[in-house]
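Report on the structure given below.
What follows draws every value from the coordinates through simple rules; no lab data is involved. Here the structure is a predicted model, which is why all the values come from computation and not from measurement. Virtual Cβ from ideal backbone geometry, glycine too; neighbours counted across all protein chains shown.
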């Protein structure tokens, strides 16, 4: 099941930071320092930057969740996590990300606009693993960390069924 959806804010942020700023800086640098009437390297830089931005975008949004027997597996290009039902002490669903679960420090993760993927630190709750792009969210609390996942109501129901089934059986 696909997890991440890019909102407009994050997409604009990605375009500005990964495409517009580097291309603008390279064009200005080449024009200012070479004093040539034409730009020699800028078209190549633009093409390379667009390819890099496209691959970054595709790698960031590619995340899914698999119910693998006793485990809930969150797969991402860079960050993945396997969670056992017995480790989960609490499962909650929120229409909006609660204020106390907003990431404060990125310890090992990706943050592009509102998208947070990887390991972050929260003020009150300690360590958290995020696969978040937009609300609603499912929050799985474990003894040592909190797992925050962008979901839908239907996907959250499947997580609850998995959790309850594994705790009962």
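Couple of notes before you dig in:
- 29, 79 arranged by Cβ crowding within 10 Å, fewest neighbours leading: 29, 79
- Order of 144, 164 - criterion: other Cβ atoms within 10 Å of each residue's Cβ, fewest first: 144, 164
- Cβ-derived FRET efficiency at R0 35 Å, residue 27 paired with residue 80, nearest 0.05: 0.35
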